[in-house]
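Reading through the structure tokens given below for one structure.
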Amino acid sequence: MQVPLQITFRHMDSSEALAARIRRRAHELERFFDRIVSCRVLVECRHPRALQGNLFRVRADLAVPGREIVVGRDPAAHYAHTDAHVAVRDAFNAVRRLLQDYVREQRGDVKLHAVPDHGRVSHLLPEQDCGFIRTGQGAEIYFHRNSVANGRFDRLAVGDEVRFVAQDSESARGPQASTVVPIGKHHLPTTDAVRA
């Protein structure tokens, strides 16, 4: 690390055993990714005057090139955090997962999934087993009965909102959807609403 590890204890006595555990976990992170700029850890006792049942909050702040990774384990959501060692373990496990995501992103290993397009059924031609979807941009996309998920073509109505995947090639009727998934009658913002 370019900046030495900083450990702070708040509303509690400092603990060498806990500090050693934090140093060990920070060292593991540094072995995994050797370009960590700094690591600051705060261990806080949330109710210092309580005789039992104290909850510990651990905040870990890790600086890496171009980003800051911050984890603050909320003790209210984790009753196991009556043990400060468990709270430190959980916080560092979360930091490690976020650091792994960062490293994958830096290597370009993150897969970006295409978000299906949205639209509304504008025309249905049941006698021809097809219909058309109007996209938010106003384009008309043709779809066939067989492209509707779960055989729900007969349940479609004009105005229903759908997600669809457009094919690269067009049909004789123009752009075509290969998959159409009805998602109900939720309201999509219209182009007029977006402009407003």
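The values are calculated or read from the model by the stated rules, or taken from the named source; none is laboratory data. This structure is a prediction, so every number in the text was calculated from the model and none was measured. Glycine gets a Cβ as well: all are built from the backbone with ideal geometry, and neighbour counts include every protein chain shown.
Worth pointing out:
- Residue satisfying all of: in the range 60-78; more than 15 Å from residue 97 (Cα to Cα) and surrounded by 14 or more Cβ atoms within 10 Å (Cβ to Cβ); modelled with the highest pLDDT among these: 75
- Single residue of the range 169-187 satisfying the filter (of a type in the set (Ser, Thr, Tyr) and at pLDDT below 80) that is surrounded by the most Cβ atoms within 10 Å (Cβ to Cβ): 171
- Test result for residue 102, farther than 19 Å from residue 167 by Cα and either in contact with a Lys or Arg (Cβ under 7 Å, 6 or more places away or on another chain) or touching a residue at least 60 places away in the same chain (Cβ under 8 Å) (or both): yes
- Those residues of the range 31-50 which are without any contact (Cβ under 8 Å) to a residue 60 or more places away in the chain and out of contact with any strand residue (DSSP E or B) (no Cβ under 8 Å at 6 or more places or on another chain), in sequence order: 31, 34, 47, 48, 49, 50
- Where strands (runs of 3 or more DSSP E) fall wholly inside the range 86-157, the ranges with 3 or more residues that are outside the structural domain of residue 27 (by TED's automatic domain parsing) and touching a Pro at 6+ places or on another chain (Cβ under 9 Å) are 140-144.
- Number of the condition not met by residue 1 [criteria: (1) at pLDDT below 90; (2) exposed (fewer than 14 other Cβ atoms within 10 Å of the Cβ); (3) within 24 Å of residue 104 (Cβ to Cβ)]: (2)
- Residues being surrounded by fewer than 18 Cβ atoms within 10 Å (Cβ to Cβ), more than 10 Å from residue 180 (Cβ to Cβ) and either touching a residue at least 60 places away in the same chain (Cβ under 8 Å) or not small (Gly, Ala, Ser) (or both) - total across the range 136-145: 2
- Residue match in the range 41-56 (condition: closer than 15 Å to residue 98 by Cβ, modelled with pLDDT of 95 or more and more than 23 Å from the chain's Cα centre (by Cα)): yes
- Checked against (1) basic (Lys, Arg); (2) part of a strand (DSSP E or B); (3) modelled with pLDDT of 90 or more, residue 21 passes all but condition (2).
- Of all residues in the range 105-132 being at pLDDT below 85 and small (Gly, Ala, Ser), the one that is nearest to residue 166 (Cα to Cα): 114
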